[in-house]
1. Give me the number: length gained by fully extending Ser15 to Ser64, i.e. 0.36 nm times residue separation minus the C-alpha to C-alpha distance, one decimal in nm.
2. Can you tell me the length gained on complete extension of the stretch Glu24 to Arg72, counting 0.36 nm per residue apart and subtracting the Cα distance?
3. Extending each Cα 7 Å along its Cβ direction at Arg56 and Lys36, get the distance between those two points in nm, one decimal.
4. Just read off the accessible area of Ser6 with the full protein assembly in place, 1.4 Å probe, to the nearest 10 Å².
5. Sort the following peptides by mean Cβ neighbour count (other Cβ atoms within 10 Å, averaged over residues), highest first: 66-72, 24-30.
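The values are calculated or read from the model by the stated rules, or taken from the named source; none is laboratory data. These numbers come from a predicted model, not from an experiment. Reconstructed Cβ throughout: ideal geometry from the backbone, glycine too, with neighbour counts over all protein chains shown. Note: accessible area is taken over every heavy atom of the protein model, side chains too, but ligands, DNA and RNA are not part of it. Shrake-Rupley method; radii C 1.70, N 1.55, O 1.52, S 1.80 Å.
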Amino acid sequence: RNNIVSVFGSAAAGSMQEVSVPLEALNGSFAGYISKADVGCGRSCGDRQYFFLNGRPVDLPKVSKTLNDVYRSYNVAQQFP
């Protein structure tokens with residue numbers, strides 16, 4: 001969380017929530033931060049989405065698209081996480 005505050009500021013960090021999803025089939029888990037699905041908490045474009053795998057940055061377009069689609073179904077303003 002401190003890294004998010006350092007990079008994006010306290011206002012952005014305050015509009016995010018921690019998520020953790022166990023992936024039992026893969027014997028692992030997914031953990032990170034995502035914007036709250038409240039009005040004004042998301043972003044108008046997806047330019048600040050970062051994915052890391054084992055601490056390394058990765059480009060995962062299918063994961064990004066899926067995440068955006070699910071997030072937008074809960075966000076009335078149709079914003080990006």
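1. 15.7 nm
2. Working it through step by step, the gained length comes to 14.7 nm.
3. 3.6 nm
4. Using a 1.4 Å probe on the heavy atoms, I get roughly 100 Å².
5. Ranking, from highest mean packing down: 66-72, 24-30.
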